[in-house]
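Novice: The following block contains the structure, expressed as structure tokens.
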Amino acid sequence: MTKPDFMEIAFAEAEAAAKAGEVPVGCVVVRDGQAITQAGNRTLRDRDPTAHAELLALRAAAKKLGDERLTGCDLYVTLEPCTMCAAAISFARVRRLYYGALDEKGGAVDSGVRFFAQPTCHHKPEVYGGIGDARAAKLLKDFFAARR
């Protein structure tokens with residue numbers, strides 16, 4: 001699969017999350033060119049403020065691989081990760097992060113605290129932002145507009 005194909009999986013997860021009333025964010029973890037886990041936001045369903053798509057996908061990947069270190073894995077997510085998710089990505093030792101829309105309010109990679117640029121960050125993945133950003137931004141904008 002190519003990078004856009006993995007992002008398509010993340011978008012499918014985001015769209016499913018939106019249909020379930022969740023903030024539409026989707027994520028997929030890739031290793032050796034194969035999607036190994038995927039998830040969408042489930043904070044409402046799980047009644048868990050940490051049930052962000054990235055954390056769910058990372059937890060599932062660690063369990064599936066039998067290792068909390070996801071070296072050699074790449075993560076594709078439709079929205080710039082927040083501080084909590086950026087920390088988890090770092091702790092998991094994810095190799096590369098690909099994300100869609102920039103999140104000026106809650107993002108922590110290229111916005112906000114810029115987690116990976118901090119001297120206290122132990123592992124910094126390669127970061128590629130803006131993949132499908134217009135689509136991701138529209139999905140989020142439409143979701144929130146329908147709730148206002």
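Novice: Condition first: surrounded by fewer than 16 Cβ atoms within 10 Å (Cβ to Cβ) and outside any helix (DSSP H, G or I). Now tell me which residues in the stretch 34-63 satisfy that.
Specialist: GLN34, ARG47, ASP48, PRO49, THR50
Novice: Output the residue which, of all residues in the stretch 1-33 that are without any contact (Cβ under 8 Å) to a residue 12 or more places away in the chain and farther than 20 Å from ARG147 by Cβ, is surrounded by the most Cβ atoms within 10 Å (Cβ to Cβ).
Specialist: By that ranking, first place goes to GLU8.
Novice: Quickly run through the stretch 129-141 and pick out the residues that are in a helix (DSSP H, G or I) and either without any contact (Cβ under 8 Å) to a residue 24 or more places away in the chain or open to solvent by less than 80 Å² (accessible area, probe 1.4 Å) (or both).
Specialist: ASP133, ALA134, ALA136, ALA137, LYS138, LEU139, LEU140, LYS141, listed by residue number.
Novice: If I ask for residues that are more than 20 Å from GLY132 (Cβ to Cβ) and in contact with a strand residue (DSSP E or B) (Cβ under 8 Å, 6 or more places away or on another chain), which ones from the stretch 96-120 would you list?
Specialist: PHE116, the sole residue that qualifies.
Novice: Ok, one more. Kindly check whether there is at least one residue in the stretch 32-41 that is hydrophobic (A, V, I, L, M, F, W, C) and in contact with a Cys (Cβ under 6 Å, 6 or more places away or on another chain).
Specialist: yes
The values are calculated or read from the model by the stated rules, or taken from the named source; none is laboratory data. All values derive from a computational prediction rather than experimental measurement. Please note: Cβ atoms are built from the backbone with ideal geometry, for glycine as well, and neighbour counts cover all protein chains shown. To get the accessible areas, we keep the full protein, side chains included, count just its heavy atoms, and leave off ligands, DNA and RNA. Shrake-Rupley method; radii C 1.70, N 1.55, O 1.52, S 1.80 Å.
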